[in-house]
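Every read-out reported here was derived from the displayed coordinates using simple, explicitly stated rules and does not represent laboratory data. All values reported here derive from a predicted model rather than from experimental measurement. Because the Cβ atoms are built from the backbone with ideal geometry, glycine has one as well, and the counts that use them run over all protein chains shown.
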There are 2 protein chains.
Amino acid sequence: MNFTAQIKVMPLKDLLDPQGKAVLGGLHNLGLTSVDDVRIGKHIDVQIEAASKEEAHQIATEAAVKLLSNQVMENFEVTILS
Amino acid sequence: MNFTAQIKVMPLKDLLDPQGKAVLGGLHNLGLTSVDDVRIGKHIDVQIEAASKEEAHQIATEAAVKLLSNQVMENFEVTILS
């Protein structure tokens with residue numbers, strides 16, 4: 001069966017996110033002053049061929065750990081769409 | 001009230017995603033051969049000060065249109081967490 005895994009990779013809460021801070025400044029310059037904070041990460045859609053949802057989740061987690069995220073600076077969440 | 005908006009910006013389906021193709025090759029090299037396709041976009045968390053969920057959604061959409069996405073190459077989805 002084919003599953004779609006969504007992997008969200010975000011910078012850790014305690015770390016400064018310079019890209020987010022730059023975008024926040026840009027939004028304020030555009031007049032969107034009600035925006036207080038911006039954090040920017042990656043959203044990765046992965047198509048996985050697997051026997052079960054659990055297997056797909058395991059493969060997506062392995063991909064996130066081995067390649068897609070840097071666990072020193074980022075955390076990730078895996079969601080399998082059914 | 002303070003709302004958290006999640007904005008997901010992804011490359012359009014019909015466009016080639018070279019970054020995703022490179023990651024797909026990397027995953028295959030790592031032995032994750034059951035992965036068929038990868039597409040990579042941005043995930044943006046925005047804190048918004050607004051009177052209502054509708055107003056927060058409107059501000060997040062304006063931010064996505066004006067700055068966060070390039071509508072020639074990308075589409076976006078806004079979700080307000082309650």
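Side notes on the structure shown:
- Helix A:53-63 axis versus longest C-alpha principal axis of chain A: approximately 60°, rounded to the nearest ten.
- Sorted shortest first, the distances from the residue A:52 label point to those of the same residue in the other copies are 4.7 nm; each point sits 7 Å from Cα along Cα-to-Cβ.
- Legend: calculated FRET efficiency, residue A:2 to residue B:82, from the Cβ-Cβ distance at R0 = 25 Å, rounded to 0.05, equals 0.20.
- Computed over chain A, Kirkwood Rh from alpha-carbon pairs, angstrom: 14.3
- Across the identical copies, the label point of residue A:1 (7 Å from Cα in the Cβ direction) is separated from its matches by 3.7 nm, in order from shortest.
- Label 7 Å beyond Cα on the Cβ vector: residue A:14 copy-to-copy distances, nm: 4.8
- Helix B:18-29 axis versus longest C-alpha principal axis of chain B: approximately 50°, rounded to the nearest ten.
- When chain A is turned onto chain B, its residue with the beta carbon nearest the axis, and that distance in whole angstrom, is A:43, 2.
- Gaussian network model of chain B, Cα within-10 Å springs - most flexible of B:35, B:23, B:46: B:35
- Each listed q (0.08, 0.20 Å⁻¹) maps to a log10 I(q)/I(0) for the protein assembly as shown from the Debye sum over equal C-alpha point scatterers, namely -0.26, -1.26.
- Relative contact order for chain A, counting Cα pairs under 8 Å that sit 6 or more residues apart, in percent: 51
- Chain B - mean residue ellipticity at 222 nm from DSSP helices (-39,500 (n - 2.57) per run, n ≥ 4, rounded to 500): -8500 deg cm²/dmol
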